[in-house]
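The structure under discussion appears below in the form of structure tokens.
The values are calculated or read from the model by the stated rules, or taken from the named source; none is laboratory data. Keep in mind the model is a prediction, meaning the values are calculated, not measured. We place every Cβ from the backbone using ideal geometry, glycine too, and count neighbours over all the protein chains shown. Areas reflect the complete protein model, heavy atoms only, side chains present, ligands, DNA and RNA absent. Shrake-Rupley method; radii C 1.70, N 1.55, O 1.52, S 1.80 Å.
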Amino acid sequence: MPEGDSVFRLRRRLDAATRGVRIADGELRSGNAAGRSLAGLGIRSHDTHGKHLLTRFDDGSTLHTHLRMQGSWTITRAGRTLPTAVREKARVRFRLDDGREVWGLDLPVVDLVPTAREVDVVGFLGPDPLRDDWDAAEAVRRLSVHPSRPFVAALLDQSLIAGLGNLWVNELAFLRGIHPFAPIGATDLDALVELAARCLRVSATVPGMYQVTTGNARKGASHWVAGRAGRPCLRCGTRVRVRDEVANDPEQRRTWWCPRCQPMPEGPDVGGSG
């Protein structure tokens with residue numbers, strides 16, 4: 001699943017390619033305004049909050065989309081098109097006045113809302129480290145409300161802090177040296193939030209550091225535990241464990257950890273496989 005840093009990078013690409021450009025023709029093909037023509041609208045800007053993308057038009061409306069597991073955006077050059085099978089997955093399409101076409105493919109969330117009412121679709125989200133209105137103290141406050149909640153569950157809750165997905169949650173648990181199922185209150189929340197914000201910003205903005213947590217961008221060495229089930233921990237050599245986050249989870253989230261580097265603060269370790 002794309003995380004806040006990947007959607008932020010997508011926003012920057014779309015903004016650089018389409019900001020201030022007028023739509024010659026196009027339409028929404030799903031969502032609350034399916035069938036709505038986009039012809040004649042000017043693209044004011046693109047913005048993000050957590051994993052949500054907001055495309056603002058000059059008529060006072062905003063297109064709210066979310067990629068979830070399968071969605072993507074692509075832009076084709078003037079005179080070029082996508083294969084028929086790919087075009088059939090388009091949920092948003094607009095041709096710009098310079099002939100390029102923008103395609104929102106297989107998007108599970110497509111909402112058209114008044115720009116003044118964006119709060120209706122993103123107002124539930126917690127503070128986002130990649131936004132100008134980032135409020136670290138508020139993120140700490142929200143995370144501290146239920147200190148007994150498991151670390152991974154708390155950080156995946158977008159209403160507490162927005163933009164962290166499964167990869168970052170697992171890597172942050174390792175970097176903080178805490179078991180992923182230990183209570184969130186067992187770690188220093190101020191230090192955790194500061195680290196999470198720094199990691200997301202580096203990943204979103206520094207060339208070559210996209211979702212690199214070890215400092216080594218080489219394939220197979222870029223993550224401490226995520227995706228490394230059964231392999232030796234890069235720090236101590238202990239076999240990395242894995243456990244399903246939720247049985248039959250459609251997003252196929254997994255939780256990885258090193259039992260030596262991330263001991264449970266109290267009580268027995270949580271069992272796992274892999």
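Here are a few things to note about the model shown:
- Since only Gly126, Leu160, Ala17 are under comparison, the one whose Cα sits farthest along the positive direction of the charge dipole of the chain, derived from C-beta charges on Lys, Arg, Asp and Glu, is Ala17.
- The label point for Arg239 and the one for Val206, both projected 7 Å from the Cα toward the Cβ, are 3.4 nm apart.
- Of the peptides 142-151, 196-205, 11-20, the ranking by mean beta-carbon count within 10 Å, highest at the top, reads 196-205, 142-151, 11-20.
- Among Asn170, Ala85, Val145 - extreme Cα towards positive end, dipole of the range 78-202, charges at beta-carbon: Ala85
- Choice from Thr81, Thr48, Thr213 with maximal GNM fluctuation in the chain (Cα, 10 Å cutoff): Thr81
- Derived scalar couplings ³J(HN,Hα) [the range 205-218; Karplus, 6.51 cos²θ - 1.76 cosθ + 1.60; whole Hz; x for Gly, Pro]: 10, 9, x, x, 10, 4, 6, 9, 10, 8, x, 10, 7, 5
- The chain, accessible surface, carbon-and-sulfur percent (1.4 angstrom probe): 48 percent
- Angle between the chain longest axis and helix 166-175 axis [Cα atoms, degrees, rounded to 10]: 30 degrees
- Diffusion coefficient of the range 125-234 by Stokes-Einstein, Kirkwood radius over Cα pairs, 25 °C, 0.890 mPa s: 173 µm²/s.
- The Arg149 and Arg80 beta-carbon pair, evaluated with R₀ = 45 Å, returns a calculated FRET efficiency of approximately 0.40.
- The angle separating the long axis of helix 4-18 from the principal Cα axis of greatest extent in the chain is about 20 degrees.
- Using equal-weight Cα scatterers in the Debye expression, the normalised intensity of the chain in log10 at q = 0.11, 0.14 Å⁻¹ is -0.68, -1.00.
- Area accessible to solvent at Asp98, 1.4 Å probe radius, in Å²: 80 Å²
- Residue-normalised accessible area of the range 46-126, expressed per residue, 1.4 Å probe, Å²: 44 Å²
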